[in-house]
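The values are calculated or read from the model by the stated rules, or taken from the named source; none is laboratory data. All of these numbers come straight from a predicted model, not from anything done at the bench. Cβ sites come from the backbone with ideal geometry, for glycine too, and all protein chains shown count toward neighbours. These accessible areas exclude ligands, DNA and RNA; they are computed on the full protein's heavy atoms, side chains included. Shrake-Rupley method; radii C 1.70, N 1.55, O 1.52, S 1.80 Å.
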Amino acid sequence: MWLHIPEDSDFSIHNLPYGIFCPPGSQQPRAGIAVGDHIIDLLAAADTGMFGKRRFFAGIFAQPVLNDFIALGKPVTGKIRKKVQAWLKMPERPANADIILCDRISSAMMMPVRIPNYTDFYSSMEHASNVGKMFRPDGNPLLPNWKWIPVGYHGRASSIVVSGTPVRRPSGQILLPGGNPDTPVYSKSRQMDFELEMAFIIGKESSLGEPVPIEKAEEYIFGLVLFNDWSARDIQRWEYVPLGPFLGKNFGSSVSPWIIPTEALRPFLVKGPKQNPAPLDYLKTSGKKHYDIHLEVAVKPQGGSETVVSRSNTKYLYWSMAQQLAHHTVNGCNLQVGDMLASGTISGPVAGSYGSMLELSWAGKQPVPLEDGSTRTFLQDGDTVVMRAWSSDGEVRVGFGEVSGTLLP
Ligand code: CA
């Protein structure tokens with residue numbers, strides 16, 4: 001291949017994720033595809049006629065979000081992907097390479113989509129059990145509905161930000177430790193946390209009143225992003241009964257800037273955990289519906305170096321994305337292009353694989369050591385949380401890059 005792609009790059013020729021970026025020195029956002037240390041400027045490529053219908057595609061790729069491109073549907077976006085792959089596989093460096101390739105490292109990444117609606121699920125049995133044990137020590141860790149329903153709630157799309165955007169520690173009602181258990185105070189959250197999640201982006205609209213059958217669910221998924229669902233545990237603990245998460249969650253969530261198309265992840269499909277009891281018919285699936293994607297979370301104190309505090313994998317999720325989507329629409333609720341549906345915290349079976357500080361420090365009882373000698377129960381001001389994700393079979397590597405964010409006071 002004429003273009004050098006570092007061997008360990010997340011952005012191999014098998015990946016080709018989509019994002020919105022501003023090239024160095026430009027203020028004009030446009031669509032791009034990451035490859036190695038470069039970005040293929042799709043606007044510039046469309047201008048050279050690479051995709052035919054020059055004016056049409058230039059118009060699509062000049063937009064500051066990918067929604068209109070995604071809405072063209074997989075038959076069209078798949079063709080664009082194949083054209084880009086063919087261009088990269090040309091025997092010699094093409095003459096238009098200089099105007100189409102940008103340096104990735106010095107480009108600025110923007111939010112890749114306008115998100116009409118955001119839903120957060122709760123699909124990791126390990127996470128739901130751990131939280132159950134901590135929040136309801138006297139009851140069964142899993143509530144009776146959990147193995148029947150991919151439990152979820154409607155979140156807030158307005159506060160979802162792209163990687164690199166700082167997040168402010170929220171204030172709200174909390175109970176003070178050792179204080180009156182029925183009387184809250186207004187305070188900055190003292191229990192700031194991350195949640196390691198994978199989100200998928202809807203690529204096809206569904207009609208109000210018409211459920212999406214589970215066997216068609218995957219047609220509606222355009223691609224995946226890494227998702228950090230910042231959480232204020234003390235605000236959450238006081239507010240969540242009986243209607244669920246609210247202000248402890250909706251002050252900020254961070255997404256990775258590159259959307260990995262589902263085509264790129266197909267080689268990494270695996271079977272999920274056995275589901276017992278068997279799900280109701282509308283949630284029944286067979287075959288490989290889960291992804292084998294390695295996940296890790298690092299915490300980097302202000303001015304310090306990072307410590308990996310968790311290693312997990314999306315294959316641990318109990319409910320697949322297809323099941324989440326089928327359940328979401330079973331009552332006729334309609335999907336819109338750009339909607340983001342997140343998995344919920346992805347915890348694995350052992351302590352080092354838990355996807356939140358709440359679990360890693362077991363509600364603050366077991367401080368987590370960092371490489372600089374300090375410890376964390378929850379996050380401190382100035383901490384940067386970095387999440388990474390990748391799939392690899394030893395030869396083909398498809399990675400997400402990272403989603404990072406710094407906690408401000
Ligand atoms: Ca969450």
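Given a 1.4 Å probe and the protein chains as shown, Ile20 ends up with an accessible area of around 0 Å². Of the residues Leu358, Leu283, Leu72, the one that moves most in a GNM of the chain with alpha-carbon contacts below 10 Å is Leu72. Would the range 94-249 count as rounded, prolate or oblate if I go by the C-alpha gyration tensor, calling it rounded below 1.5 in a/c and otherwise prolate when a/b exceeds b/c, oblate otherwise? Note, shape of the range 94-249 comes out oblate. Amide H contacts for Ser171 (H built 1.01 Å from N in the peptide plane; partners 5 or more residues away or on another chain; cut-off under 5 Å): Ser189. Using heavy atoms of the protein chains and a probe of 1.4 Å, the accessible area assigned to Trp148 is about 110 Å².
What percentage of the solvent-accessible surface of the range 118-408, computed with a 1.4 Å probe over protein heavy atoms, is contributed by carbon and sulfur atoms? Don't skip to the answer; put the middle values down first.
Numbers: 6380 of 12180 Å².
Here carbon and sulfur together make up 52 percent of the probe-accessible area.
Evaluating 6.51 cos²θ - 1.76 cosθ + 1.60 at θ = phi - 60° for every residue in the range 188-195, the Karplus couplings come out as 4, 4, 10, 10, 7, 9, 10, 9 Hz, glycine and proline recorded as x.
Excluding same-chain neighbours fewer than eight residues apart, the lysines reachable from Lys82 by a Cα-Cα span under 21 Å are Lys53, Lys74, Lys204. The 3J(HN,Hα) values that the Karplus relation (6.51, -1.76, 1.60; θ = phi - 60°) gives for the range 174-182 are, in residue order, 9, 8, 7, x, x, x, 5, x, 10 Hz. Gly and Pro appear as x.
What is the percent of Cα-Cα separations in the chain that go past 37 Å? Percentage above 37 Å: 23.
Each residue, Asp68 and Trp2, gets one label point 7 Å from its Cα in the Cβ direction; the gap between the two is 3.0 nm. The calculated FRET efficiency for Gln173 paired with Asp393, based on their beta-carbon distance and R0 = 60 Å, is about 0.80.
Given the DSSP H assignment, sum -39500 (n - 2.57) over each helix run of at least 4 residues in the chain and divide by its residue total; what's the result at 222 nm in deg cm²/dmol, nearest 500?
After summing the helix terms and dividing by the residues of the chain, the value is -4500 deg cm²/dmol.
Protein-only accessible surface at a 1.4 angstrom probe places the residues Phe56, Phe11, Phe251 in the order Phe56, Phe251, Phe11, largest first. For the range 90-103, putting each phi into the Karplus relation 6.51 cos²θ - 1.76 cosθ + 1.60 with θ = phi - 60° gives couplings of 4, x, 10, 4, x, 4, 8, 4, 5, 8, 9, 8, 10, 6 Hz, in residue order, rounded to whole numbers and with x for Gly and Pro. Accessible surface comparison of Met198, Met109, probe 1.4 Å, protein chains only, largest first: the order is Met109, Met198.
Of all trypsin sites (Lys or Arg not before Pro) in the range 1-73, which ones are in loop regions per DSSP and have a Cβ with at most 13 other Cβ atoms within 10 Å? Answer by residue number: Lys53.
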